[in-house]
2 protein chains.
Amino acid sequence: MSPRSPAIAPRRARDADARAYHHGDLRNALLAHARTMLERDGPEAVSLRAVARAAGVSQTAPYKHFASKDDLLATIAGDGFLELAASQRVIADAQDTAAERLVLLGRDYVGFATTTPQRYRLMFGAGGIDWRAHPPVAEAKAGSFTPVKDVIAEHLAGERLASGARAEVAAIATWALVHGLSMLLVDRTLHADEQGGEHALVGAVLEEHVAGLGSQASRRGAAAAVR
Amino acid sequence: MSPRSPAIAPRRARDADARAYHHGDLRNALLAHARTMLERDGPEAVSLRAVARAAGVSQTAPYKHFASKDDLLATIAGDGFLELAASQRVIADAQDTAAERLVLLGRDYVGFATTTPQRYRLMFGAGGIDWRAHPPVAEAKAGSFTPVKDVIAEHLAGERLASGARAEVAAIATWALVHGLSMLLVDRTLHADEQGGEHALVGAVLEEHVAGLGSQASRRGAAAAVR
DNA sequence: GCTTGATGTTAACAGTGATTACTTGGAGGT
DNA sequence: ACCTCCAAGTAATCACTGTTAACATCAAGC
């Protein structure tokens with residue numbers, strides 16, 4: 001994201017007086033204030049004018065850096081997906097068992113969601129913005145899912161009956177499970193502290209899921225589902 | 001929901017002229033138009049004024065029937081949760097195996113979500129309304145989860161090691177799985193037709209999950225998660 | 001038949017996203 | 001050293017939103 005950030009900052013030559021006519025780094029300042037307001041009030045309550053006020057500029061100044069309010073939010077969401085993807089990639093490439101990495105991936109995913117819950121909500125549709133209208137965001141979103149998909153494939157590689165379709169289903173199920181858990185926590189439908197804390201809850205749910213993935217019973221179940 | 005609907009409609013005495021000064025059944029007309037616009041444009045784009053226009057009434061008339069826009073949306077969401085809960089209850093009380101009923105519950109749940117996707121988004125936080133500020137909605141929401149919880153408890157009742165905590169975790173995992181799948185379908189992150197259709201996808205995911213729930217492996221997994 | 005209260009309407013306020021036309025001032029070529 | 005150009009700021013304005021206050025209407029009950 002942040003496509004046009006110049007390699008070397010051409011402004012802010014004088015270092016002292018921050019309040020020139022030209023702001024110096026308004027784009028990033030706007031993003032920072034928007035992120036703060038996003039996490040405080042939620043995506044629906046973020047106002048471009050309020051962001052501009054917080055940055056100390058006129059209400060139309062943001063339009064020199066973002067085509068629209070949606071464009072600003074898309075930048076934040078896209079950065080979020082890239083951040084998530086990078087974090088997941090590191091875990092996926094670690095040395096542990098595939099099963100262990102799956103649990104770690106799940107913990108990391110849910111942790112990402114609960115650390116910046118409003119951003120997570122934004123990333124998954126809460127502002128009513130369709131990322132298909134913002135291709136870089138759509139790409140980053142898809143990319144954030146590939147580490148899980150890879151590790152699932154690896155986890156099921158040693159199995160008989162391990163068709164590609166089965167790995168695909170298992171990957172979708174895992175994503176759905178972790179995403180659903182994140183959503184229920186983020187919108188406060190579930191309260192982690194009533195379930196022994198996030199660590200214990202995510203651990204219990206994921207260990208059960210991953211163990212089930214490899215079991216004889218789940219193979220029978222998956223086979224039965226085809227009919 | 002819809003608390004104050006009179007037992008017998010006291011107006012619309014003359015049946016012909018629909019355009020009296022008093023609308024006759026404005027409350028329900030507003031709800032109907034709101035539902036239509038909700039499903040067409042999403043919760044974020046629903047405007048109380050547009051709803052009023054659609055009903056052919058002044059923009060402040062809705063305030064005689066709803067305290068605020070959020071109140072109108074809360075009514076729709078609450079009705080949605082009641083509808084979902086009723087449908088789930090019927091399946092939970094059917095004659096099939098607990099395992100079979102779990103799959104049917106999942107199908108029903110995902111079907112509910114994908115039939116009226118924008119309403120489902122509204123019910124789960126899109127629109128930025130916190131149902132804790134609308135107690136009847138919060139109750140209806142909690143109630144829509146109990147059928148699954150009951151059947152999970154029943155499913156695990158025959159097991160050794162079947163502590164209440166384990167059933168609780170399994171219920172949460174199941175809810176998260178089905179809710180996550182619904183969300184991914186509803187916000188078009190996933191496309192059911194690329195996965196063999198919704199029926200096949202939900203079937204595959206749920207059969208695998210339910211089979212895993214009862215397996216030896218999942219018991220080992222759940223035990224391991226405690227550490 | 002008069003009063004009353006629920007159900008409408010009109011007018012207004014503050015806040016929003018966005019567009020247009022303007023000003024400013026720093027960077028680079030001559 | 002100057003001068004031009006254009007990215008990055010501003011002010012004014014439009015259409016729209018949620019919400020409130022004050023006023024109008026009409027059906028029903030005493």
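The values are calculated or read from the model by the stated rules, or taken from the named source; none is laboratory data. Keep in mind the model is a prediction, meaning the values are calculated, not measured. Positions of Cβ are backbone-derived with ideal geometry, glycine not excepted, and every protein chain shown enters the neighbour counts. To get the accessible areas, we keep the full protein, side chains included, count just its heavy atoms, and leave off ligands, DNA and RNA. Shrake-Rupley method; radii C 1.70, N 1.55, O 1.52, S 1.80 Å.
The table for this structure:
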item	result
Which listed residue is within 14 Å of another protein chain (Cβ to nearest Cβ), more than 14 Å from the chain's Cα centre (by Cα), in a helix (DSSP H, G or I) and away from DNA strand D (no atom under 13 Å from the Cβ), from A:Leu38, A:Leu73	A:Leu38
Leading residue by the ranking (nearest to the other protein chains (Cβ to nearest Cβ)) among those in the stretch B:84-110 that are of a type in the set (Gly, Ala, Ser) and surrounded by 15 or more Cβ atoms within 10 Å (Cβ to Cβ)	B:Ala99
A:Leu122 assigned by TED's automatic domain parsing to the domain that holds A:Leu213 and more than 16 Å from DNA strand C (Cβ to nearest atom)	no
Selection status of B:Ser2, assigned to a helix (DSSP H, G or I) and either of a type in the set (S, T, N, Q) or modelled with pLDDT under 95 (or both)	no
Whichever residue in the stretch B:55-70 is farther than 21 Å from B:Tyr120 by Cβ, in a helix (DSSP H, G or I) and of a type outside the set (A, V, I, L, M, F, W, C) and, among such residues, is nearest to DNA strand D (Cβ to nearest atom)	B:Tyr63
One residue from B:Arg40, B:Arg35, B:Arg12 being more than 9 Å from DNA strand C (Cβ to nearest atom) and at pLDDT below 95	B:Arg12
Among (1) modelled with pLDDT of 85 or more; (2) farther than 28 Å from B:Gly143 by Cα; (3) more than 7 Å from chain B (Cβ to nearest Cβ) - the single one A:Arg166 does not satisfy	(1)
Candidate set: the stretch B:53-83, residues that are buried (at least 17 other Cβ atoms within 10 Å of the Cβ) and among the aromatic types (Phe, Trp, Tyr); chosen: the one farthest from B:Leu213 (Cα to Cα)	B:Phe66
Scope the stretch B:129-152; condition open to solvent by less than 50 Å² (accessible area, probe 1.4 Å) and free of Cβ contacts under 8 Å to residues at least 24 places away in the same chain; matching residues	B:Ala138
Condition broken by A:Gly125, with the remaining ones in (1) within 12 Å of chain B (Cβ to nearest Cβ); (2) part of a helix (DSSP H, G or I) satisfied	(2)
Some residue of the stretch A:86-95 being within 16 Å of DNA strand D (Cβ to nearest atom), under 22 Å from the mean Cα position of the chain (by Cα), outside any helix (DSSP H, G or I) and at pLDDT 95 or above	no
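Residue by residue, here is whether (1) open to solvent by 20 Å² or more (accessible area, probe 1.4 Å); (2) part of a loop (DSSP other than H, G, I, E, B); (3) closer than 26 Å to A:Leu201 by Cβ; (4) within 12 Å of chain B (Cβ to nearest Cβ) holds:
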residue: A:Glu154; (1), (2), (3), (4): yes, no, yes, no
residue: A:Ala173; (1), (2), (3), (4): no, no, yes, yes
residue: A:Ala176; (1), (2), (3), (4): no, no, yes, yes
residue: A:His179; (1), (2), (3), (4): no, no, yes, yes
residue: A:Ser182; (1), (2), (3), (4): no, no, yes, yes
residue: A:Leu190; (1), (2), (3), (4): no, yes, yes, yes
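A quick yes/no check of all residues on (1) more than 21 Å from B:Arg121 (Cβ to Cβ); (2) part of a helix (DSSP H, G or I); (3) assigned by TED's automatic domain parsing to the domain that holds A:Gly158:
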{"site": "A:His33", "(1), (2), (3)": "yes, yes, no"}
{"site": "A:Arg53", "(1), (2), (3)": "yes, yes, no"}
{"site": "A:Asp79", "(1), (2), (3)": "yes, yes, yes"}
{"site": "A:Lys141", "(1), (2), (3)": "no, yes, yes"}
